[in-house]
1. Considering only region B:89-116, how many residues are surrounded by fewer than 20 Cβ atoms within 10 Å (Cβ to Cβ) and within 14 Å of another protein chain (Cβ to nearest Cβ)?
2. Tell me the strands (runs of 3 or more DSSP E) entirely within region A:73-127 that contain at least 3 residues that are within 18 Å of residue A:155 (Cα to Cα).
3. Could you please give the count of residues in region B:117-128 that are surrounded by 21 or more Cβ atoms within 10 Å (Cβ to Cβ) and touching a residue at least 40 places away in the same chain (Cβ under 8 Å)?
4. Of the residues that sit in region B:129-143 and are outside any helix (DSSP H, G or I) and surrounded by fewer than 18 Cβ atoms within 10 Å (Cβ to Cβ), which one is farthest from the other protein chains (Cβ to nearest Cβ)?
5. Within region A:6-16, identify whether any single residue is part of a loop (DSSP other than H, G, I, E, B), modelled with pLDDT of 80 or more and more than 30 Å from residue B:145 (Cβ to Cβ), and answer yes or no.
6. Within region B:56-85, how many residues turn out to be assigned to a loop (DSSP other than H, G, I, E, B) and exposed (fewer than 14 other Cβ atoms within 10 Å of the Cβ)?
7. On the given criteria, is residue A:162 away from chain B (no Cβ under 14 Å), over 23 Å from residue B:121 (Cα atoms), touching a residue at least 60 places away in the same chain (Cβ under 8 Å) and surrounded by 13 or more Cβ atoms within 10 Å (Cβ to Cβ)?
8. For region A:144-158, how many residues meet the condition of being within 14 Å of another protein chain (Cβ to nearest Cβ) and part of a helix (DSSP H, G or I)?
C-alpha cells in the first residue's frame, strides 16, 4: 500500500513537469508472422475437414396400434411386392400379379392413383430382400405424392402368388 | 554493368485486412466443425430425395448393418452409461439383440423423453432385421421415426 501511495505522490509532485513534457508513446512492434502462419495452418485444417452435407432423413409414421385395423375395399388396395431377388410385382385387389420394373414404378403409381383417388398402397418386402429396395420404393411413393401407404410383412400366400407370377 | 547490383525494392504491404479475414474464417470453421463420432460400424446409406435434416441432439440411433446386426447408439454419455454400464460409456453404439431392444428403448425414453428415434440401415442390409426393428418400435409405441438417407440429386 505504502509503495503505491508514494508512487502516487511522486507522480503528483512531477505533475507540473509532466504537463509540459508529454510522455512519448513507445510503439511496440511485435512480429505477427508466426501467429498468422499458425492461424492459416489451422484455417486450412478446419476448412478441409469440415463436412457440410448432413445426412437427410425420411420420416415414417406407423399406426399406433398393431391391432387397429382399417377396412379397405379390395378394389382400392394396391399391393407392391418385392421378392428376395429384388423383383417387383404389383396388383390391385385379387387381380393376378404383374411384374414391374423399378423405373416404371412411379408412373404406374401415379396412373393408378389418378384412376382411383382412394387407392391405398401396401408395400410388402421379403425378409431376405434388400433394405435399399424399401427405401427406394418409399422414396418413389413420396415423389408420387402418395401419403397413404403402409408396410406389411410378407406371408406365405404372397410368396406363392409371386412364385406363380414369376413362372408366367 | 555486372558490378552495379540492382537494389532490391522491399515491398511493404499491409497484411492486416487479410489476416483479419483469415481469423474470421478460422473462428467460423472452428465453431462450426463437428467431428464425426467414432463409429463401431460402418454404414453406407441408401439415397432418397427427402430433404428433412437429421436432428443434431437427442438422437437415438438404431443402426442395421450389412450383416443384419442391430446396434443402438445414443449421443448422451450419461444415458449410455445408464443403459449399457461403464463399458458402453465411451462407445458410440452397442450391439443389441432384437429381444433386448424393446426394453432398452423404453428405458432410454423414460430417461430422456425428448429422444428422437432414427433408424439407420445399410444400403445392403437385409429387410428382415429392419422389419423386426419396426415391429419393436411399434410395440414400444414409437410410431414416428426417421430413416437416415443420403441426399440424391435428381
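The values are calculated or read from the model by the stated rules, or taken from the named source; none is laboratory data. From a predicted model like this one, the values you see are computed outputs, not experimental measurements. FYI the Cβ positions are ideal-geometry reconstructions off the backbone, even for glycines, and counts take in every protein chain you see.
1. Summing the residues that are surrounded by fewer than 20 Cβ atoms within 10 Å (Cβ to Cβ) and within 14 Å of another protein chain (Cβ to nearest Cβ) in region B:89-116 gives 3.
2. A:77-82, A:88-92, A:120-125
3. 6
4. Of everything passing the filter in region B:129-143, B:140 is farthest from the other protein chains (Cβ to nearest Cβ).
5. Looking through region A:6-16, none of the residues is part of a loop (DSSP other than H, G, I, E, B), modelled with pLDDT of 80 or more and more than 30 Å from residue B:145 (Cβ to Cβ).
6. 4
7. Against the criterion (away from chain B (no Cβ under 14 Å), over 23 Å from residue B:121 (Cα atoms), touching a residue at least 60 places away in the same chain (Cβ under 8 Å) and surrounded by 13 or more Cβ atoms within 10 Å (Cβ to Cβ)), residue A:162 qualifies.
8. Looking only at that region, the number is 1.
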